[in-house]
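Notes follow the structure.
The values are calculated or read from the model by the stated rules, or taken from the named source; none is laboratory data. The structure presented is a predicted model; accordingly, all values stated were derived computationally and were not measured. Positions of Cβ are backbone-derived with ideal geometry, glycine not excepted, and every protein chain shown enters the neighbour counts. These accessible areas exclude ligands, DNA and RNA; they are computed on the full protein's heavy atoms, side chains included. Shrake-Rupley method; radii C 1.70, N 1.55, O 1.52, S 1.80 Å.
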Amino acid sequence: MKDLISKKDFLAWQPNYPTITETDPYYWELANRLASIGEESAMGKKVPASLIKRVALTLTGYIQDVISDSGIWRSFVEANRKLYGWSVPFHELPENYVDYELNREDVRFLCWYAIAMSYEDMRDLYPHDKELLEMADTLFDHLESVYEDAPQPETYNISRGLDFNDPEDGHDIFKLGQWLFLHCYLITPAFALTLSEIMSDEKLRDPKNITLLHERLDKAMMENPTGPLALFIPEWIYLILNGKFLTRREDKADGIHPYYEKFVKATDGKTLAYFDTYEKMNKFFIAHLDWEKGMEHLPMMKNEKDFVLMVNKHKGMLAARNVAKCIASPDNPYYDKEYAREHAFELLTVRGLCPADLLQEIFANNWLPDATFPGTDDRALVNANRDFIARCYLQQFYTGD
């Protein structure tokens, strides 16, 4: 069989890289078999070969994880249950689903995740797409055929025995964090878009600047959330080691922001205001917030439309553009149901379009009833998974605070 995945590419995803263990050849061969199967599928024939390799490596990492019970997939399932009350996004689980073992629904999700996070042309891929599920089921069948006899991955338990709070484990925990961030089948794919933005810097693509690139990636590892739940790497590590979320520090609320009282006075106590044109919004700034008369405020928004302003008692005010027609608030005269069916999904997937605080307010009030995966009418799937979708796609633009 032709090696579609090189040994170097396979080993780069292994926790022990560049060391080779006795079980690596087995899983390298398995990854290549999965890639061959994927290439022959209808979905595989529609996407670049590099993407099918990504799917194969993702599933190989997954089966290594569940066989060794390294805690990565386990932590994801447990986090989903704490956050949402279900185990795997997008899929109803059958009675024969077995926690932390090989499962069809896991493979279906991971195939969607590897493709949607890594391939711009299918970024909005419907998780129940027929060809996607057919490919995933064929790949699952092969994994199931080898599952009982597959060898125990020798070095996949790199987190075992580590204590998050023990200074003596600091070096190994940092090493674990680097691997999770850059090479882990579950955590890494969600970082693809941010990585492409980093690599758009020509200076970082220059081989002479490899040290600078490593410094930039280390900085991103410490500052950017990642993975399908958009957690920070220390949060992922704590979840893997301890089975629970690391408590985030709560910022103390400051005094009442000067915009707040003026805003709610102008809106009869409402914390949101809607405008279809820039001119109307600018008049609001001048008439009610006492901004300077005769000025065009927030001029970068002058050529936009469909604005939402939101005020917070302590944080101040935020402005969003090109989103008002998607928000089904009873106070929003500009809501457009048909427009929302075409564009509301973008609020969950386009980074920077809808500020996190506004999106959370929308979720809390169920003001996004008509969002669907593009090309479908499946509003229920988006509604049930909306927070997960926002985490997975928006990353630091949703959970970065």
Residue list for the stretch 192-237, filter: open to solvent by 20 Å² or more (accessible area, probe 1.4 Å) and small (Gly, Ala, Ser): 192, 196, 200
In the stretch 328-357, residue most open to solvent (accessible area, probe 1.4 Å) [restricted to those that are of a type in the set (Gly, Ala, Ser) and not in a loop (DSSP other than H, G, I, E, B)]: 356
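Each row is one residue, and each column tells you yes or no for (1) open to solvent by 20 Å² or more (accessible area, probe 1.4 Å); (2) in a loop (DSSP other than H, G, I, E, B); (3) closer than 20 Å to residue 175 by Cα; (4) at pLDDT 95 or above.
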residue	(1), (2), (3), (4)
2	yes, yes, no, no
5	no, yes, no, no
14	no, yes, yes, no
18	yes, yes, yes, no
22	yes, yes, no, no
28	yes, no, no, yes
32	no, no, no, yes
43	no, yes, no, yes
54	yes, no, no, yes
Members of the stretch 72-96 found to be under 19 Å from residue 184 (Cβ atoms) and open to solvent by 10 Å² or more (accessible area, probe 1.4 Å), listed by number: 74, 78
Failed criterion for residue 70 (all others in (1) assigned to a helix (DSSP H, G or I); (2) more than 17 Å from the chain's Cα centre (by Cα); (3) of a type in the set (Ser, Thr, Tyr) hold): (1)
Among residues of the stretch 93-135, those that are part of a helix (DSSP H, G or I), among the aliphatic types (A, V, I, L, M) and under 21 Å from residue 388 (Cα atoms), counted: 9
Selected residue (only one of 279, 292 is farther than 30 Å from residue 76 by Cβ and in a helix (DSSP H, G or I)): 279
Per-region count, the stretch 241-257, residues in contact with a Leu (Cβ under 9 Å, 6 or more places away or on another chain) and surrounded by fewer than 20 Cβ atoms within 10 Å (Cβ to Cβ): 2
Qualifying residue in the stretch 367-376 (condition: farther than 21 Å from residue 266 by Cα, touching a residue at least 60 places away in the same chain (Cβ under 8 Å) and open to solvent by less than 60 Å² (accessible area, probe 1.4 Å)): yes
Members of the stretch 203-235 found to be outside any loop (DSSP other than H, G, I, E, B) and touching a strand residue (DSSP E or B) at 6+ places or on another chain (Cβ under 8 Å), listed by number: 233
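Looking only at the stretch 127-178, how many residues end up being hydroxyl-bearing (Ser, Thr, Tyr), surrounded by fewer than 19 Cβ atoms within 10 Å (Cβ to Cβ) and touching a residue at least 24 places away in the same chain (Cβ under 8 Å)?
Filtering the stretch 127-178 down to residues hydroxyl-bearing (Ser, Thr, Tyr) leaves 138, 145, 147, 155-156, 159.
With surrounded by fewer than 19 Cβ atoms within 10 Å (Cβ to Cβ) added as a condition, the list becomes 138, 145, 147, 155.
Add one more test, that the residue is touching a residue at least 24 places away in the same chain (Cβ under 8 Å), and what stays is 138, 147, 155.
The qualifying residues number 3.
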Which listed residue is buried (at least 19 other Cβ atoms within 10 Å of the Cβ) and charged (D, E, K, R), from 124, 69, 99, 106: 106
Any chance residue 188 is touching a residue at least 60 places away in the same chain (Cβ under 8 Å) and either out of contact with any Ser or Thr (no Cβ under 6 Å at 6 or more places or on another chain) or open to solvent by 20 Å² or more (accessible area, probe 1.4 Å) (or both): no
